[in-house]
1. In the stretch 177-196, which residue that is in a helix (DSSP H, G or I) and in contact with a strand residue (DSSP E or B) (Cβ under 7 Å, 6 or more places away or on another chain) is surrounded by the fewest Cβ atoms within 10 Å (Cβ to Cβ)?
2. Is it the case that L144 is in contact with a Lys or Arg (Cβ under 9 Å, 6 or more places away or on another chain) and not basic (K, R)?
3. Please work out which residue is nearest to I81 (Cα to Cα), limiting yourself to the stretch 127-160 and to residues that are touching a Gly at 6+ places or on another chain (Cβ under 8 Å) and of a type in the set (F, W, Y).
4. For S200, work out the one condition from (1) in contact with a helix residue (DSSP H, G or I) (Cβ under 7 Å, 6 or more places away or on another chain); (2) within 27 Å of L123 (Cβ to Cβ); (3) small (G, A, S) it doesn't fulfil.
5. Taking the stated definitions as given, is I163 in a loop (DSSP other than H, G, I, E, B), within 12 Å of the chain's Cα centre (by Cα) and touching a residue at least 12 places away in the same chain (Cβ under 8 Å)?
6. Which numbered condition in (1) in contact with a helix residue (DSSP H, G or I) (Cβ under 6 Å, 6 or more places away or on another chain); (2) surrounded by 17 or more Cβ atoms within 10 Å (Cβ to Cβ) is the only one that K102 fails?
7. Pick from L204, L161: which is of a type in the set (A, V, I, L, M), under 12 Å from K3 (Cβ atoms) and crowded, with 16+ Cβ neighbours inside 10 Å?
Amino acid sequence: MKKVIIPAVIAKSQKELDGIFSKIKDSACLLQLDIMDSKFVPNSSLDFDFKLPQKKYKFEAHLMVEYPEKWVDENWEKVDIIIAHFESVKNPGKIIESVRKKEKKVAFALNPETDVEQIKKYLDDIDQVLIMTVHPGFYGSKFLPKTLNKVRWLRELRPDLDIEVDGGIKPGTIEEVSKAGANMFVSGSFIINSADIKESIKILENKIKAD
């Protein structure tokens, strides 16, 4: 199964967002947009009518918002993958159906405290699962190793599933995450705050090559 490093983008203005894209350049193909409404998590990001580079990257929207259904209705055309937090989804089946009708990929994200078995019956209907290994809402939050038990459980249950991990992904943690069974690795502060984004991605890729 292909392993991919995904830079996470947090921005409070179009100017800040454009600056991040100018730093990333051609270093990555898939980017995660961290959408935060300062209600579901205690921070805000991309909570404005943002503009994205056309046809340069693929985008997944990580919806850390109270009403993901509303965001999907208003913004679905901007992205390729929609990741809704299971904790804030009112009707899981309905949001899956809504995203599918729009011909986008759909995933559920789980906070550290959420039991992974809650999404078991939806696994055949979604494209991937995002396991939070930190409490969401900020760059640089503390990595929580116990959350990797969810990754192990999912990988044993579904060897073919795309399992994404977000939070505290850096050279000192990514090998453990990869060995647990993840194949998609979201990294925010380690990549975006580095002087050389391409080199930072390469460092992470080299850490998981042998797995």
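No lab work stands behind these numbers, since they all come straight from the coordinates. As the structure is a computational prediction, the values presented were derived from the model and not from experiment. Quick reminder, even Gly has a Cβ in these numbers, built from the backbone with ideal geometry, and neighbours come from all protein chains shown.
1. I192
2. Values: in contact with a Lys or Arg (Cβ under 9 Å, 6 or more places away or on another chain): no; not basic (K, R): yes.
So L144 does not fit the description; no.
3. Y139
4. Result: S200 fails condition (2) only.
5. In short, no.
6. Against the list (1) in contact with a helix residue (DSSP H, G or I) (Cβ under 6 Å, 6 or more places away or on another chain); (2) surrounded by 17 or more Cβ atoms within 10 Å (Cβ to Cβ), K102 comes up short only on (2).
7. After applying the criteria, what remains is L204.
For every residue, the table says whether it meets (1) out of contact with any helix residue (DSSP H, G or I) (no Cβ under 7 Å at 6 or more places or on another chain); (2) of a type in the set (A, V, I, L, M); (3) surrounded by 18 or more Cβ atoms within 10 Å (Cβ to Cβ).
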site	(1), (2), (3)
P42	yes, no, no
P68	no, no, yes
N111	yes, no, yes
Q118	yes, no, no
